[in-house]
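Note sheet for the following structure.
The values are calculated or read from the model by the stated rules, or taken from the named source; none is laboratory data. No experiment lies behind these values; they were computed from the predicted model shown. Here the Cβ is made from the backbone with ideal geometry for all residues, glycine too, and neighbour counts use every protein chain on show.
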Amino acid sequence: MEQIEFNLLFRWFVGLGMDDPVWDASTFCHNRDRLLEADISALVLNGVIEHRKVRGLLSRDHFSVDGTLIEAWASMKSFRPKGGDDGGGAGRNAERDFHGEKRSNETHESTTDADARLYRKGNGRESRLCFMGHALMENRNGLVVGGNVTIASGTAEREAALELIDRHCPGKRRRTLGADKAYDVTAFVDDLRRRKVTPHVAVQDHLSKTGKRRRPGSTAAPRYAVSQRIRKRIEEIFGWVKIPSGQAKTRFRGRRRVDASFTLSLAAYNLIRLPRLLTEGMP
């Protein structure tokens with residue numbers, strides 16, 4: 001708001017003349033709520049990939065999916081027992097001793113952001129309050145065709161993948177989906193096949209709880225190796241979204257607002273890559 005008062009570039013961008021009065025700062029808050037209600041971020045992303053000049057750059061048969069953690073705008077001190085006082089002391093930033101305390105999402109929640117969940121990426125990794133962002137990438141040029149943010153959980157990646165497939169890859173034609181070992185679960189593979197999606201999922205090479213080694217799914221298919229190589233490009237998307245776009249730690253509270261910010265960043269990633277792709281695609 002301070003920049004709009006005297007910066008001509010900011011005034012030009014928002015459509016204000018040199019002498020036009022600047023609206024009240026609360027206007028941005030009201031507009032943000034309107035954008036959330038209309039799900040504008042998803043419409044922007046869909047508008048980009050469905051543009052007539054972009055459709056020819058997309059693969060309609062081969063996709064990859066993955067998830068990443070987004071740190072919540074909440075400190076570990078805010079993760080307190082549900083419905084009671086934990087004796088942490090008075091004040092907004094009182095001292096707390098977590099030593100010997102057992103905390104879980106079933107018994108605790110963040111007083112700053114109730115949608116944030118305590119989650120860790122793997123064994124030996126620290127637990128953090130976070131959300132989980134998901135992206136569906138087409139394999140021809142590595143553009144994002146869908147994305148969302150969910151509550152962080154052990155099944156969120158697979159559930160979000162099925163939702164993205166249903167939303168962005170409808171139809172009866174056979175498609176492929178590349179994914180890492182986190183998606184190598186029998187129920188998920190079966191769900192993909194019922195949707196006529198060939199699972200190109202990295203195999204977890206370890207014994208199951210019954211002492212049996214998992215049988216590979218479609219690893220013998222000719223395109224499996226290609227899918228496994230191309231699916232790693234989705235890390236480029238997450239790298240740009242989390243660092244240049246600032247999504248590594250969200251500045252918003254609540255899943256809906258985090259989802260809107262994350263999805264808009266996915267659309268921005270496509271936009272910065274499209275000029276070069278469109279130029280290379282010209283005769």
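So, of the residues in segment 55-68 that are in contact (Cβ under 8 Å) with a residue 40 or more places away in the chain and either among the acidic types (Asp, Glu) or surrounded by fewer than 19 Cβ atoms within 10 Å (Cβ to Cβ) (or both), which turns out to be farthest from residue 160 (Cα to Cα)?
It comes out as 56.
What is the one condition in (1) closer than 19 Å to residue 66 by Cβ; (2) among the β-branched types (Val, Ile, Thr); (3) surrounded by fewer than 21 Cβ atoms within 10 Å (Cβ to Cβ) that residue 272 does not satisfy?
Single failed check for residue 272: (1).
Return the total of residues in segment 121-177 being under 16 Å from the mean Cα position of the chain (by Cα) and either part of a helix (DSSP H, G or I) or crowded, with 19+ Cβ neighbours inside 10 Å (or both).
The total comes to 32.
Among the numbered conditions (1) under 30 Å from residue 234 (Cα atoms); (2) aliphatic (A, V, I, L, M); (3) modelled with pLDDT under 90, tell me where residue 18 comes up short.
Of everything listed in (1) under 30 Å from residue 234 (Cα atoms); (2) aliphatic (A, V, I, L, M); (3) modelled with pLDDT under 90, residue 18 misses just condition (1).
Could you count how many residues in segment 227-246 are surrounded by fewer than 19 Cβ atoms within 10 Å (Cβ to Cβ) and in contact (Cβ under 8 Å) with a residue 60 or more places away in the chain?
So the answer is 3.
Which members of segment 141-176 meet the condition of being among the charged types (D, E, K, R) and modelled with pLDDT of 95 or more?
Matches in segment 141-176: 157, 158, 159, 163.
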